[in-house]
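A.B. asks: I'd like to ask some things about the structure below.
Coordinate-derived values only; no laboratory data. This one's a predicted model, so the numbers in the text were calculated from it and none came from an experiment. Quick reminder, even Gly has a Cβ in these numbers, built from the backbone with ideal geometry, and neighbours come from all protein chains shown.
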Amino acid sequence: MLVHSKSNEGALLLDGAPPGYPLGHPVDGQEHIPCLARVARLGVPEALCAFNDLGRVADPVLTGLHFFRDSADLLPIIKRPLDYLARFADFRMLLTPDITIGDGMPPWQRARAVVMSRMAGVVWQTHGLAVVPTLRWRNRHDYANVAAGIEQGSVVAVANYGSRRDAELKWEFARGLAEMVERLNPACIMVYGRVHGRPFKELAKRTEFVEYKSPIEASRPTRSPVAIPGQPTIF
C-alpha cells in the first residue's frame, strides 16, 4: 500500500503515539521500535479469530485475535487501541495489527508501520493482555525493523495466505521467515495460512509452527489430515 501524506493512513503515520502509550517505554533499533515482552509457548491459543468477526468465537479464553485484514480497517484500532481494551480483554492473546508494507513506501514509512503496530501492542500489554508480535516484511530492507524489540525465544506470528500464488512474494516470504528464525530463535511461530513446503520443513528443525487456517481454507478439501475448523495443526 502506497501511503500518501494527504491520506488518512498518511495522517496517522505522521501522528505521535496513541492515547495510552506509556511515556519512556523501551525501544530498540535505529528506528526506535517499541519493545514487547516475551510470550511463552504455553500461551498459544487453540484458535484464532479476526478482530471483526467475533461471532465465530466459541470460547474467548481459548482464542487469540488476529488483525490480518485490510490496513484501512485497522486505522481506528492503531489510532486508538485503548478504546478496544474492554472488547478484547477476555481473549487469550492478541496479535499486533498487520499493517501493510508496500514496495512504494519510502523507508521511513515502512519503519513507521512497524512502530504503529507495536505501539498498539504495547498499549494492550500495559493493561495486562498477552500480545504476540506479528511479523511482516516485504524484502530484506525490512528485517532489522521487524526483528527489533522482540525478545529471544518469544512466540511470534506471521501470515502467508496472500503470498502463495505470487512467485516473488512466496520467495520473499520464505527468505524472510528463515531470517526471522535466525535472528529471534522463536519458541513457536503462529502461522495464519497453510504450513507446507520446503521452507517450513527445513525450519521445523529449529522451531515449532502452529497452523491456523482461515475459515475459507478450513472448508477446502485437503490430502493431509483434516484439521477441525478454527483449531491449530502443530508441526
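A.B. asks: List PHE209, PHE67 from most exposed to least, where exposure is judged by having the fewest other Cβ atoms within 10 Å. Spell out each step's value before the answer.
C.D. replies: Numbers: PHE209 20, PHE67 23.
Going from least to most buried by this count: PHE209, PHE67.
A.B. asks: For the peptides 19-30, 90-101, 144-155, what is the packing order when you average, over each peptide's residues, the other Cβ atoms within 10 Å and list the highest mean first? If you can, show how the numbers build up before the last one.
C.D. replies: Values: 19-30: 12.8, 90-101: 22.5, 144-155: 20.6.
The packing order, highest mean first, is 90-101, 144-155, 19-30.
A.B. asks: Taking neighbour counts of Cβ atoms within 10 Å as a proxy for exposure, in what order, fewest first, do LYS205, LYS213 appear?
C.D. replies: Details: LYS205 7, LYS213 25.
Exposure proxy ranking, most exposed first: LYS205, LYS213.
A.B. asks: Straight-line reach from LYS205: which aspartates and glutamates have Cα under 19 Å away, leaving out those fewer than 8 places along the same chain?
C.D. replies: Excluding near neighbours in sequence, the set is GLU179, GLU182.
A.B. asks: Once you sort the root eigenvalues of the Cα gyration tensor of region 37-234 as a ≥ b ≥ c, which label holds: rounded (a/c under 1.5), prolate (a/b larger than b/c) or oblate (the other case)?
C.D. replies: Working: a/c = 1.36, a/b = 1.04, b/c = 1.32.
Rounded, since a/c falls under 1.5.
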